[in-house]
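**Q** First the structure, then my questions, so here it is.
The numbers here are math on the coordinates, done by the rules we state, and not lab data. Quick caveat: nothing in here was measured; it's all calculated off a predicted structure. Quick reminder, even Gly has a Cβ in these numbers, built from the backbone with ideal geometry, and neighbours come from all protein chains shown.
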Amino acid sequence: MGGAAVTGLLQHPTPDDPYRYQFGFGNHHATEAIPGALPLNGTNLPQRGKYGLYPEHLNGTSFISSRESVSNVWLYRERPGAPHSTPRPTERPHEIESSFLPTNPNVQFAPLTHTWGPLTPPPNTSTTTFVQGLKTIGGNGDATLKEGVAVHQYAFNADMHRQAFVNHDGDMLIVPQRGVLDIKTELGCLRVKPGMITVIPAGIRYAVRVVPHDPPSPAPLVAGGYALEVFGTRFVLPELGVLGANALAHIRDFEYPVAAFDLESLADNSSNTHLPPWEITIKLSGRLYSYTQPHTPFDVVAWHGTHAPFRYDLARFHHLVANTDQLDPTAFCVLTAPSKWPGVSQVDFCIFGEKWAVARDTMRIPYYHRTVATELLGIIKGEYKGKVRALEPGGLAFEQAYMPHGETYETWVRDREAGREAVRVMEGYLGFMFHVTGHVGLTGWARGGHPDIRAERPGVWDNFRSHLLDHIDEANASLLEAGMKTLQHPQPPISPPASPSYTIVPSDDDTVPVPGGISENQNER
Ligand SMILES: [Fe+2]
């Protein structure tokens, strides 16, 4: 006697999540909401498909792609996506940008620090959908060149009723900070709460709503958070190298939807004239277009492939610890998107959460540094303990590539004197970083239109002093012992130093022209 499973492992519904999920990052998943809907006779395109379903192929990479990079999915649906009206530009105002070339007058590359507060929730008197509430902070590259990234904040309070969104520019990683998202996609449904992330690949139609309070509450029903969009690349798991086969985010913890479809178009199979049309909004090169179709886009009965949305619970991430030195922040990389430079990432998504700090005889605060990467730090929950700027959950801090930054002088002195016992750090805190290779240009909205642009704490850099001057005698002893010329104690200036011979002239829209720094990993590493 023995036993045998009747199916692969599925995540089944729970009281706060009505959906099922299948596991495995990058798997070629196969799922059917009606048994037998997937063709199994060696063809993706049967002459007479089961239940009369229409096969439809969605390619996320060109046909000639390596097996490692190919991303596609076969859909078996009630009606194909082809029948629809002519797309027209939307007249709704929006603040979405997908071109970050220096020739774009809406974008500015400048070596400035910026900090933004959480995006203001829409007032109860208005309705804002996820698409309407998506605002672009900045990015680099261009969606049409298939190279670059875009960083967004979002805030919304209204469901997408008979509406769907499809991004033709790139894959979108969504980081909820406030409000539980219910995302219906062509490939099935995802429930994504703060502390989770989701990635929706380009070309897949989806609708987002915020889950009502449970238990019911008079508090406004709003959702807010962040999104990271990549052009011409895909999110993958970082290489593990000498870490081996098991570390950071585990492959099995990435959850994919199972096929799910709506039956509404079966109500009137002849014309559907009694139902209002669906409106599909396309994002293409940062512009929005919409078309209508009489039938639901959520009619996929079965699918198989790799071009699929997924979610990941950040609480499952394994934080590494260091014994005698610091780990670089990318040691906490959940997902990365490769650039066209072999072995170099275009953007890394890293998180900073609860862990042990055990390193001895080393600084635990982040070292002062400059980097080719632009850093955008956001907070999902918890208290931000960095001293350089005022930041809170929902806010975002920006440090341009190559700009020097680090902790305050007081924090540096305190860390030099602190004990080195093993301690838990970042309890109750979850932050993240979009670690973007190269410079990032900011949109006009980010520089002047955002409702909460914050200046750096005044005088935060004014009190740094030289400690070397306190150790001149000690240094001279070492120099003499080595047979080298000794240092002279510098004399204080007789008169105030001359004014600089240049003047910084801020442009009209440089609203926060201040130097600064992110304390990204603002507790001990
Ligand atoms: Fe940094």
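**Q** Going by the alpha-carbon gyration tensor, a ≥ b ≥ c the square roots of its eigenvalues, is segment 315-454 rounded (a/c under 1.5) or, if a/c is not under 1.5, prolate (a/b greater than b/c) versus oblate? Present the calculation step by step, with values, prior to reporting the outcome.
**A** Values: a/c = 1.62, a/b = 1.32, b/c = 1.22.
In terms of gyration-tensor shape, prolate.
**Q** Which residues make up the longest stretch of the chain clear of GluC sites (Glu not before Pro) that lie in a DSSP loop with no more than 16 other Cβ atoms within 10 Å, not counting the sites? Working shown, then result.
**A** Details: sites that count: E68, E91, E239, E354, E383, E421, E427.
In the chain, the maximal stretch lacking such sites is 92-238.
**Q** Exactly which trypsin sites (Lys or Arg not before Pro) in segment 1-79 are in a DSSP loop and have at most 15 other Cβ atoms within 10 Å?
**A** Working: sites: R20, R48, K50, R67, R77; in loops: R20, R48, R67.
Passing sites in segment 1-79 are R48, R67.
**Q** Within 13 Å, Cβ to Cβ, of N246, how many net charges do the neighbouring residues add up to if Lys/Arg are +1 and Asp/Glu are -1? Working shown, then result.
**A** Values: positive: R252, R316; negative: D253.
Spelling it out: positives minus negatives among the neighbours equals +1.
**Q** Could you work out [θ]222 nm for the chain from helices alone, using -39500 (n - 2.57) per DSSP H run of at least four and dividing by all its residues? Round to the nearest 500 deg cm²/dmol. Display every interim value, and only then the final one.
**A** Details: 2 runs with 19 residues, N = 525.
It comes out at -1000 deg cm²/dmol, rounded to the nearest 500.
**Q** Calculate one ³J(HN,Hα) per residue across segment 166-176 by plugging θ = phi - 60° into the Karplus curve 6.51 cos²θ - 1.76 cosθ + 1.60, and present them in order as whole Hz with x for glycine and proline.
**A** Each residue of segment 166-176 in turn: 9, 9, 8, 8, x, 6, 10, 9, 10, 10, x Hz.
**Q** Taking every alpha carbon pair in the chain, what does the distance histogram look like in 20 angstrom bins from 0, in percent?
**A** 20, 50, 23, 6, 1
**Q** First select every other residue whose beta carbon is under 9 angstrom from the beta carbon of H295; then total the charges, Lys and Arg +1, Asp and Glu -1.
**A** Numbers: positive: R79; negative: E78, E264, D299.
Spelling it out: positives minus negatives among the neighbours equals -2.
**Q** Here is a follow-up. Using θ = phi - 60° and the Karplus curve 6.51 cos²θ - 1.76 cosθ + 1.60, what whole-Hz ³J(HN,Hα) does each residue of segment 53-64 get, with Gly and Pro shown as x?
**A** With coefficients 6.51, -1.76 and 1.60, one gets 6, 8, x, 9, 10, 10, 9, x, 9, 5, 4, 8 Hz.
**Q** Placing unit charges on C-beta atoms (Lys and Arg positive, Asp and Glu negative, everything else neutral), compute the dipole magnitude of segment 315-454 about its Cα centre in debye, rounded to 20.
**A** Working: 16 positive and 16 negative charges, 28 e Å.
The calculated dipole for segment 315-454 is roughly 140 debye.
**Q** Cross-link list K146/K184; K193/K381; K184/K283: which exceed 20 angstrom alpha carbon to alpha carbon?
**A** Details: K146/K184 26 Å; K193/K381 12 Å; K184/K283 18 Å.
With Cα atoms farther than 20 Å apart: K146/K184.
**Q** Residue by residue through segment 297-312, what is 3J(HN,Hα) from phi via Karplus (6.51 cos²θ - 1.76 cosθ + 1.60, θ = phi - 60°)? Round to whole Hz and write x for glycine and proline.
**A** x, 9, 10, 7, 7, 7, 7, 8, x, 10, 7, 9, x, 8, 10, 8
**Q** Just to confirm the number: angle between the C-alpha axis of helix 472-481 and the first principal axis of the chain, 0 to 90 degrees, nearest 10?
**A** 80
**Q** Grab the beta carbon distance between S285 and E481, set R0 = 56 Å, and tell me the FRET efficiency rounded to 0.05. Please report the intermediate quantities before stating the final value.
**A** Values: r = 66 Å, r/R0 = 1.17.
Given R0 = 56 Å and the Cβ-Cβ separation, E is 0.30.
**Q** Run the quick spin-label model on H213 and Y402: label points 7 Å from Cα toward the beta carbon, then report their separation in nm to one decimal.
**A** 5.0
**Q** Which of the listed residues, S69, H467, T113, is farthest toward the dipole's positive end in the chain, when Lys, Arg count +1 and Asp, Glu count -1 at the beta-carbon?
**A** Working it through, the farthest residue towards the positive pole turns out to be S69.
**Q** What's the exposure ranking of T185, T324, T411, going from fewest to most Cβ atoms within 10 Å?
**A** T324, T411, T185
**Q** Of G188, L237, P201, which is farthest on the positive side of the dipole of segment 183-271, counting Cα position, with +1 on Lys and Arg Cβ, -1 on Asp and Glu Cβ, and the Cα centre as origin?
**A** L237
**Q** Turning to a different aspect of this structure: Tally Lys and Arg at +1 and Asp and Glu at -1 over the other residues with C-beta under 14 Å from the C-beta of G394: what net charge comes out? Walk me through the intermediate numbers first.
**A** Details: positive: K135, R178, K381, R454; negative: E383, E392, D452.
For residues surrounding G394, the net value is +1.
**Q** Once the dipole of the chain is set up with Lys and Arg at +1 and Asp and Glu at -1 on Cβ about the Cα centre, which of Y226, M1, I380 lies farthest towards its positive end?
**A** M1
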